[in-house]
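Have a look at the structure below, then the notes.
The values are calculated or read from the model by the stated rules, or taken from the named source; none is laboratory data. The model shown is predicted, which means the values in this text are computed figures rather than measured ones. Reconstructed Cβ throughout: ideal geometry from the backbone, glycine too, with neighbour counts over all protein chains shown.
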Amino acid sequence: MPPEQPRPALPLPAAAATALAATTPTPHLQQLEPTSATTFRGELRGNGETVRFQFWHRPGPPRPAVVLVPILAGGAGLMATIAGQLDGLGYDVLLAERVGSAMVPPQRGPDLDLLFQRTVLHQRLLLAWLEDPGPAFAPPPARFLFGVSVGGIVATATAALEPRLDGLAVVVSGADLGSLVTDSREGRVERWLDWRLRTDGAARGVVAAELRSCLTLEPLAMAAAVPTRKVLLVHGRFDEVVPGANQDWLWEAFGRPQRLLLPAGHYLAAAALGTVLSKADQHFARCATTPRRLGVVSAAERTDLLDH
């Protein structure tokens with residue numbers, strides 16, 4: 001594992017600051033119904049959005065909470081498995097329903113940008129609800145994010161906008177979405193690129209330029225706004241979906257945080273789930289011991305706070 005190179009958070013990119021940072025998530029719980037002794041199904045509304053979510057919670061002393069970011073291209077079974085294992089490790093877990101699928105016709109760059117922005121807002125609404133969940137539940141002692149693949153891109157942007165977040169784990173994800181999408185060998189992405197070529201006459205270079213120009217939440221820019229010490233990256237050496245260069249660019253953008261390199265591809269990384277979650281558990285435990293909950297942190301105060 002390469003050494004950690006800690007640095008404080010840097011300013012948000014201007015486009016993200018204008019579009020998203022000024023948005024204060026204001027969740028209102030509409031329902032929360034048990035589906036078993038330890039699971040619930042709930043609905044939040046706020047900021048013009050409705051968030052339907054699953055909630056793994058056990059009675060007893062408050063447990064740290066993990067918001068598990070959905071994979072925008074599928075992966076419901078994997079998400080349920082991860083949630084169950086995190087529950088077993090001692091975490092409350094929240095998982096929102098997907099806003100929608102990514103990389104499907106008739107989506108183009110602006111549509112993907114809106115999808116990502118809405119998905120980030122859904123995660124922020126869940127995090128805000130955890131701060132004040134009402135009389136039935138105590139706020140968790142710490143809050144974390146866990147994102148896989150495209151979920152890691154969403155987790156990166158969410159963490160940049162939530163300086164009070166305690167930590168995050170980003171698994172098999174990357175940066176520079178223009179080249180990541182056009183160089184990926186994932187079937188859904190290749191079918192979408194073929195559709196763009198047939199429908200718009202847009203070759204891969206044109207699509208890459210479009211994505212770079214319109215995606216507000218590009219991880220290359222957003223990752224710099226997250227303190228390095230909060231981040232755990234997990235990458236696959238033989239990832240056929242997220243090219244190695246894109247993995248490395250995300251690692252550099254975060255400031256070279258802790259990184260676990262698996263001898264696996266994008267999908268085989270799921271076979272090492274026990275190892276990944278054990279590393280995430282250790283990382284979250286370290287993050288939870290650092291000072292936090294000092295009130296709302298302004299952009300001007302954030303750098304000074306995180307230097308200590």
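All conditions but one from (1) under 21 Å from Gly265 (Cα atoms); (2) surrounded by fewer than 17 Cβ atoms within 10 Å (Cβ to Cβ) apply to Ser173; the one that does not is (2).
Take the conditions under 24 Å from Ala9 (Cα atoms), among the β-branched types (Val, Ile, Thr) and either modelled with pLDDT of 90 or more or in a loop (DSSP other than H, G, I, E, B) (or both) and apply them to Val207. Does it pass? Spelling it out, it is not the case that Val207 is under 24 Å from Ala9 (Cα atoms), among the β-branched types (Val, Ile, Thr) and either modelled with pLDDT of 90 or more or in a loop (DSSP other than H, G, I, E, B) (or both). Figure legend. Inter-residue proximity from region 183-198: first residues surrounded by 15 or more Cβ atoms within 10 Å (Cβ to Cβ), second residues assigned to a helix (DSSP H, G or I), beta-carbon distance below 7 Å, spacing 6+ or different chains. Indicated pairs: Val189/Val181; Leu193/Thr182; Leu193/Arg204; Leu193/Val207; Arg196/Val207.
For beta carbons closer than 8 Å, sequence separation of 6+ or different chains, a first residue in region 73-93 that is part of a helix (DSSP H, G or I) and a second that is among the basic types (Lys, Arg), the qualifying pairs are Asp87/Arg58. Filtering region 56-72 to residues that are buried (at least 18 other Cβ atoms within 10 Å of the Cβ) and either without any contact (Cβ under 8 Å) to a residue 24 or more places away in the chain or out of contact with any strand residue (DSSP E or B) (no Cβ under 8 Å at 6 or more places or on another chain) (or both) leaves only Leu72. Within region 242-276, being more than 28 Å from Ala221 (Cβ to Cβ) and among the β-branched types (Val, Ile, Thr) holds for one residue alone: Thr275.
Here Thr24 passes the criteria (1) under 17 Å from Gln117 (Cβ atoms); (2) part of a strand (DSSP E or B) except the one numbered (2). Looking only at region 107-139, filter to residues that are aromatic (Phe, Trp, Tyr) and over 24 Å from Val189 (Cβ atoms); which one of those is surrounded by the fewest Cβ atoms within 10 Å (Cβ to Cβ)? Within region 107-139, the match that is surrounded by the fewest Cβ atoms within 10 Å (Cβ to Cβ) is Phe137.
Only residues in region 22-41 that are under 19 Å from Arg124 (Cα atoms) and touching a residue at least 40 places away in the same chain (Cβ under 8 Å) count as the first member; pair them with residues that are among the β-branched types (Val, Ile, Thr) and assigned to a strand (DSSP E or B), Cβ under 7 angstrom, at least 6 apart or cross-chain, and list the lot. Note: no pairs meet the criteria.
Number of residues in region 199-223 that are over 20 Å from Gly151 (Cβ atoms), among the aliphatic types (A, V, I, L, M) and touching a residue at least 24 places away in the same chain (Cβ under 8 Å) equals 3. In region 201-254, what residues are of a type in the set (Ser, Thr, Tyr) and over 18 Å from Val171 (Cβ atoms)? Across region 201-254, the qualifying residues are Ser213, Thr216. Candidates in region 199-246 are the residues that are more than 19 Å from Gly178 (Cα to Cα) and among the aliphatic types (A, V, I, L, M); of these, the one that is surrounded by the fewest Cβ atoms within 10 Å (Cβ to Cβ) is Ala225.
Is region 144-160 home to any residue that is surrounded by fewer than 20 Cβ atoms within 10 Å (Cβ to Cβ) and either at pLDDT 95 or above or assigned to a strand (DSSP E or B) (or both)? Looking through region 144-160, none of the residues is surrounded by fewer than 20 Cβ atoms within 10 Å (Cβ to Cβ) and either at pLDDT 95 or above or assigned to a strand (DSSP E or B) (or both).
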